[in-house]
Amino acid sequence: MVYDLRSRQRRQAAREYEIMALPPVRIEHNLRLIGHNNLGAGPNAGEGLAMKITPEGRRLFYVAHENPPLAMSILDVTDPTRPEIVYQSEVPHDGIRGNSLAIHGDTLLLAAQSKEPGMQPAGFTVYDLSDPIQPREVAFFDTSGPHSQGCHFVSLMDGRYAHITTGAADFEPNDPRDHQIYMIVDLQDRANPREVGRWWIPGQRKGDPEGPLKRHEPRYDFGYRPHNTLCYPEQPDRVYLGYIDGGIIILDISDKSKPRQISRVDYHPPFPGFTHTVVPLFGRGLAIVADEATGDTGADWPKLLREETNPVIIATMPSPANFDEFHTIGGRIGAHNIHENDPEPGSAILKNTVVATWFSAGIRIYEISDPFRPNEIAAFLPETPAGQRGCRISDVFVDDRKYIYAADRARGGIYILEYTGDVPLN
């Protein structure tokens, strides 16, 4: 279902919302809350955030949703102090979630992941954005199967190849927690997407001679499967995988039909983690790695990584000041994701600063001009929204105007922040 938000009643509701006071804030250090939208019927923002600038200069912000009933929202953020919902769509049924989206030009991908293996639809939808506030479905790429929950993450940075985290009809894992693999999908013909390559850790699939994989102890056993799979136009023959229990993996995909591992770093245990996102900083010989905190104890941090053939962790971002006090707020606490330097127009490219999410510790910004000594330079944390246990600030996007969009995956919606610090956000 698609909501028509241009009706008179909804326009009036949007205007009434816009003049409401901003939500209360607990911490504002070199960051100022200037705008907010609770996303209406679906406040649970997911892990897909993207921006599109129209030929007329209108700025549209696309949000995937963590859980039903909504799949995707589009906000007009041309004026960041007055974000307005202009489009929302629902998932097909409560067993499916959107969670991830990606944009390149007039193409949008939206993930469909099921709660249980074997459910449908599972995969991703291809949309045309010729009318950017009325996405038109072009195709559906089906990755459902008896052991598949479909697609968890999508990326489309070069416009031709989708790099996704998914199950597949013909993939049976040794352990049900290992149900996702890395897949490359060719979108040269958007109406007929086709798989051109895939990769998994040898031993992950049932029947692999290297398997089964050695399990982590139960409290650390979240699964060997990829999470974010990022390939950048600056280096199109590399893909950077956060592989959850498998750690950091860099692949050579110069032959997309046969991805080849270049290196792997796995540091948990002893660290609890799961490895979520790996963002290379081209020109600096560095990568930023975010591990997702998986509980209330909060023991994961963004990390700095050097040298692709023999990656070494050279630093970790400092934990927030008074970190122990945040445990009294309740809810999951620790790192989750970082701004991913999407090369699309409208996105900031950051190489000397890192903008990171910390769940119930909010947003943290680090200065890394000296990569061996990262330094926190800004922080933001709203008061916990009513009806949830601690904030769930789980994803973040920085636009080229240097406004920061923080997403709460429970009830908080989207917070828009202005950076006010002296250190350049670059």
Return the only residue of LEU286, LEU381 being of a type outside the set (Val, Ile, Thr) and closer than 22 Å to PRO226 by Cβ.
LEU286
Note down all Cβ pairs under 8 Å where the first residue falls in the range 15-35 and is within 11 Å of THR81 (Cα to Cα) and at pLDDT 95 or above, the second is aliphatic (A, V, I, L, M) and in a loop (DSSP other than H, G, I, E, B), and they're at least six residues apart or on different chains.
LEU33/LEU22; ILE34/LEU22; GLY35/LEU22; GLY35/VAL77
Check on GLU418, without any contact (Cβ under 8 Å) to a residue 60 or more places away in the chain, assigned to a strand (DSSP E or B) and surrounded by fewer than 24 Cβ atoms within 10 Å (Cβ to Cβ)
no
Determine, yes or no, whether ARG392 is in contact with a Pro (Cβ under 6 Å, 6 or more places away or on another chain), among the basic types (Lys, Arg) and under 26 Å from ILE103 (Cβ atoms).
no
So which residues in the range 81-120 are under 16 Å from ALA50 (Cβ atoms) and assigned to a loop (DSSP other than H, G, I, E, B), if there are any at all?
PRO83, GLY98, ASN99, SER100, GLY105, ASP106
Residue selected from the range 238-267 under the condition part of a loop (DSSP other than H, G, I, E, B), in contact with a Gly (Cβ under 7 Å, 6 or more places away or on another chain) and modelled with pLDDT under 95, by the criterion nearest to THR166 (Cα to Cα)
ASP245
Counting just the residues of the range 358-367 that are out of contact with any Phe, Trp or Tyr (no Cβ under 6 Å at 6 or more places or on another chain) and modelled with pLDDT of 95 or more, which one comes out nearest to LEU49 (Cα to Cα)?
ILE365
Restricting the range 69-84 to residues that are surrounded by 24 or more Cβ atoms within 10 Å (Cβ to Cβ) and more than 18 Å from the chain's Cα centre (by Cα), which is nearest to ALA41 (Cα to Cα)?
PRO83
Is it the case that some residue within the range 84-97 is in contact with an Asp or Glu (Cβ under 6 Å, 6 or more places away or on another chain), touching a residue at least 24 places away in the same chain (Cβ under 8 Å) and aliphatic (A, V, I, L, M)?
yes
Just to be sure, is GLY159 touching a residue at least 12 places away in the same chain (Cβ under 8 Å), touching a Leu at 6+ places or on another chain (Cβ under 7 Å) and on the phi > 0 side of the Ramachandran plot?
no
Would the range 296-319 turn up any residue that is buried (at least 24 other Cβ atoms within 10 Å of the Cβ) and either within 30 Å of GLU56 (Cβ to Cβ) or in contact with an Asp or Glu (Cβ under 6 Å, 6 or more places away or on another chain) (or both)?
yes
Scan the range 37-68 for residues that are within 21 Å of LEU109 (Cβ to Cβ), in a loop (DSSP other than H, G, I, E, B) and either acidic (Asp, Glu) or more than 19 Å from the chain's Cα centre (by Cα) (or both) and jot them down.
THR54, GLU66
On the basis of being assigned to a loop (DSSP other than H, G, I, E, B) and at pLDDT 95 or above, does PRO212 make the cut?
no
Index of the failed condition, GLU234 passing every other in (1) buried (at least 23 other Cβ atoms within 10 Å of the Cβ); (2) under 30 Å from GLY285 (Cβ atoms); (3) in contact with a Phe, Trp or Tyr (Cβ under 7 Å, 6 or more places away or on another chain):
(1)
Might you check whether a residue that is under 23 Å from ARG219 (Cα atoms) and part of a loop (DSSP other than H, G, I, E, B) occurs anywhere in the range 363-378?
no
Which of the residues spanning the range 196-223 are touching a residue at least 40 places away in the same chain (Cβ under 8 Å), in contact with a strand residue (DSSP E or B) (Cβ under 8 Å, 6 or more places away or on another chain) and among the charged types (D, E, K, R)?
ARG198
Kindly indicate which of LEU129, LEU75, LEU156 is touching a His at 6+ places or on another chain (Cβ under 6 Å) and at pLDDT 95 or above.
LEU156
Search result, residues across the range 350-407 that are on the phi > 0 side of the Ramachandran plot and buried (at least 23 other Cβ atoms within 10 Å of the Cβ)
PHE359, GLY362
Scan the range 334-349 for residues that are in contact with a Leu (Cβ under 8 Å, 6 or more places away or on another chain) and on the phi > 0 side of the Ramachandran plot and jot them down.
ASN341
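The values are calculated or read from the model by the stated rules, or taken from the named source; none is laboratory data. Please read all numbers here as calculations on a predicted model, not as lab measurements. A quick note on method: Cβ atoms are made from the backbone with ideal geometry, for glycine too, and the neighbour counts reach across all protein chains shown.
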